[in-house]
Amino acid sequence: MYIKVIVSILVFTSAVMSAGIPGGIVDADINDEDVQKALQFAVAHYNRQSNDPFVRKVSKVLKVQQQVVAGMNYMFTVKMDITNCKKGGVKTMCAFPKGPNVAQVRPTVSALQYCDFPF
């Protein structure tokens, strides 16, 4: 009897530990399609809300995390650089500008969050 209980507890503990803490924040795969969509949405939102006249673009992803809630929370820590595209213009291929004046514009490290709730 005691062996069955101990085995059941060990199996349950192993399953919980391998899946992480329910509701806990865990690292996410940047190559996952949903993570990519969330990052695109978060960057677009960042650009709409910022006062910068130029569009910023992610130049490096430093950290990606996710949390299961009623939907999914994504937390991104990214390095964003200014592009040569002005806000409100055509944004097909926004490249990072090159030249001596670019050194004056510092990249920003931003923490972006996106919440996806399936309603």
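The values are calculated or read from the model by the stated rules, or taken from the named source; none is laboratory data. Not measured: the values here are computed from a predicted model. Quick reminder, even Gly has a Cβ in these numbers, built from the backbone with ideal geometry, and neighbours come from all protein chains shown.
What single numbered condition from (1) modelled with pLDDT of 90 or more; (2) outside any loop (DSSP other than H, G, I, E, B); (3) among the charged types (D, E, K, R) fails to hold for LYS60?
(1)
Considering every residue within region 26-47, establish whether at least one is loosely packed, with under 10 Cβ neighbours inside 10 Å, assigned to a loop (DSSP other than H, G, I, E, B) and either at pLDDT below 90 or small (Gly, Ala, Ser) (or both). Walk me through how you get there before you give the answer.
The initial filter retains those residues of region 26-47 that are loosely packed, with under 10 Cβ neighbours inside 10 Å, namely 31, 33.
Those still in the list that are assigned to a loop (DSSP other than H, G, I, E, B) too: 31.
Narrowing the set further to residues that are either at pLDDT below 90 or small (Gly, Ala, Ser) (or both) leaves none.
Scanning region 26-47, I find no residue that is loosely packed, with under 10 Cβ neighbours inside 10 Å, assigned to a loop (DSSP other than H, G, I, E, B) and either at pLDDT below 90 or small (Gly, Ala, Ser) (or both), so the answer is no.
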